[in-house]
1. Within the bounds of the range 170-183, is there any residue that is buried (at least 21 other Cβ atoms within 10 Å of the Cβ) and within 13 Å of the chain's Cα centre (by Cα)?
2. I want to confirm something. Restricting to the range 98-111 and keeping residues that are of a type in the set (A, V, I, L, M, F, W, C) and either open to solvent by 60 Å² or more (accessible area, probe 1.4 Å) or not in a loop (DSSP other than H, G, I, E, B) (or both), which single residue is nearest to K176 (Cα to Cα)?
3. Take the residues of the range 112-160 that are assigned to a loop (DSSP other than H, G, I, E, B), of a type in the set (A, V, I, L, M) and touching a helix residue (DSSP H, G or I) at 6+ places or on another chain (Cβ under 7 Å): which is least open to solvent (accessible area, probe 1.4 Å)?
4. Checking the conditions here, which among R338, R282, R236 is in contact with a strand residue (DSSP E or B) (Cβ under 8 Å, 6 or more places away or on another chain), open to solvent by less than 70 Å² (accessible area, probe 1.4 Å) and not in a strand (DSSP E or B)?
5. State whether the residues of the range 273-284 include one that is at pLDDT 95 or above, touching a Phe, Trp or Tyr at 6+ places or on another chain (Cβ under 9 Å) and either basic (K, R) or closer than 24 Å to R35 by Cβ (or both).
6. Yes or no: N40 open to solvent by 50 Å² or more (accessible area, probe 1.4 Å) and part of a loop (DSSP other than H, G, I, E, B)?
7. Could you list, in sequence order, all residues of the range 220-233 that are open to solvent by less than 30 Å² (accessible area, probe 1.4 Å) and not β-branched (V, I, T)?
8. Go through S264, S252 for me and flag whichever is open to solvent by 50 Å² or more (accessible area, probe 1.4 Å), of a type in the set (G, A, S) and in contact (Cβ under 8 Å) with a residue 12 or more places away in the chain.
Amino acid sequence: MKKMFSLAAMFAVLSYASPASAEVTLNGEVGLRLRNDFGNSTTTAGARTVTEDQYFQYRVRLKPSADLGEGYFVKALFQDEGVAGAWRGLGTTGATANNTEQYSITASQFYFGHGDACSHWVAGRIPLGSFDNPILDLTLYAIPGTGPQGTKLYAVDTPISTNHFDRLLGFNYGTKIGDGDFNAVVVNFDNVSTTTADKGLLNDGYGFTANYKTNIGDVTIVPQGFITLTHLADGRSPYSFGTQAFIPAGKSKVSLSGFYTGDSNTIPKTTTKIDYSGYIFRVKGESGPVLAWIDYNRTKDNAGATTYNNTFVWAQYLIKVQDSNKGTFSLQPTIRYRASGSKTDAGLSTSNDLFRGELYATVSF
């Protein structure tokens, strides 16, 4: 906590720098969350496991930014990345008691760039906006448990936002083309290719994603795609494509998302055969303080002779207790439910369902 307060003090001093210095501002948030988990899973042998857990968590985020003038800027996000989503609870990293666990603040995002009325560019550890866009969730976690961070993550459970902290090292460029906006990002996933068999200096994990935002009447359409330029650390070279549509409905908003992904290697980059395809659909609605969506994901793993089906529901209600130009204090009850199952071509099936009820209390400043 001393480190966190030192950072806050540093930003406060910078914000009162001389007129010749960059204009520095500091925003942030402090949050508490009460979560109740109810799990229910079955194995191919028919064994059933039921779990229940209740715990409090907390999160601190500091967001400094600097306006350098003439369109140039610097931004960053500092938070604890010791646990998924930066939500830390008692005993998260081990058997601790009496609040003896440590809370460390680290640079999660940091990027600089330039923007004007016609175009922009950004470089650094840039935010992805993946909470509202599941294309990378599907790309990295089409098959549950085979993505970069282990066996418990599913494409429908917002893993890029929660477990990957919604950022990647890369370069973003955007410009107006015709009546719409074109946006492209080159990202560096990893730096693990070191052997002569990799054949090339640029054979680490690189990817490219692009979208084009335009309007058809009152509806906003955003077709987009992702390709792996080399391959990921696990040997895959997935690609994805699809579109999002944002539809106004009076004072409410409705959005539709649909993406397809696949990967197939005739000459395996690893000893494991890779051959799968999958898709994800999302229907999302927002009206005043209410936000809800439902995801459906299906992936056919031909190499593993298994089909995966996942359904996910998120619903929340935002209560603004205090809202002013100085900051906000809000309460947000939220429910999340994931129903996941798999079935082999031989007829063996498993399930892994999880229901979560949560209450967030957040102060933003």
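1. no
2. By that ranking, first place goes to F110.
3. As a first pass, look at the range 112-160 and keep what is assigned to a loop (DSSP other than H, G, I, E, B): 116-118, 128-129, 133-134, 142-158.
Still in the list and also of a type in the set (A, V, I, L, M): 117, 128, 142-143, 153, 155-156.
Imposing the further condition that a residue be touching a helix residue (DSSP H, G or I) at 6+ places or on another chain (Cβ under 7 Å) reduces the set to 128, 153, 155.
On the way: L128: 54, L153: 21, A155: 1 Å².
Restricting to residues being assigned to a loop (DSSP other than H, G, I, E, B), of a type in the set (A, V, I, L, M) and touching a helix residue (DSSP H, G or I) at 6+ places or on another chain (Cβ under 7 Å), the top hit is A155.
4. Answer to the check: R236.
5. The answer is yes, given that some residue of the range 273-284 is at pLDDT 95 or above, touching a Phe, Trp or Tyr at 6+ places or on another chain (Cβ under 9 Å) and either basic (K, R) or closer than 24 Å to R35 by Cβ (or both).
6. Details: open to solvent by 50 Å² or more (accessible area, probe 1.4 Å): yes; part of a loop (DSSP other than H, G, I, E, B): no.
No, not satisfied.
7. Step one: filter the range 220-233 for residues open to solvent by less than 30 Å² (accessible area, probe 1.4 Å), giving 220, 222, 224-226, 228, 230, 232.
Hits for the range 220-233 are Q224, G225, F226, L232.
8. Result: S264 is the single residue among S264, S252 that is open to solvent by 50 Å² or more (accessible area, probe 1.4 Å), of a type in the set (G, A, S) and in contact (Cβ under 8 Å) with a residue 12 or more places away in the chain.
The values are calculated or read from the model by the stated rules, or taken from the named source; none is laboratory data. Being a predicted model, the structure only gives us computed values, none of them experimental. Positions of Cβ are backbone-derived with ideal geometry, glycine not excepted, and every protein chain shown enters the neighbour counts. Calculation scope for accessible area: heavy atoms of the full protein, side chains included, ligands and nucleic acids excluded. Shrake-Rupley method; radii C 1.70, N 1.55, O 1.52, S 1.80 Å.
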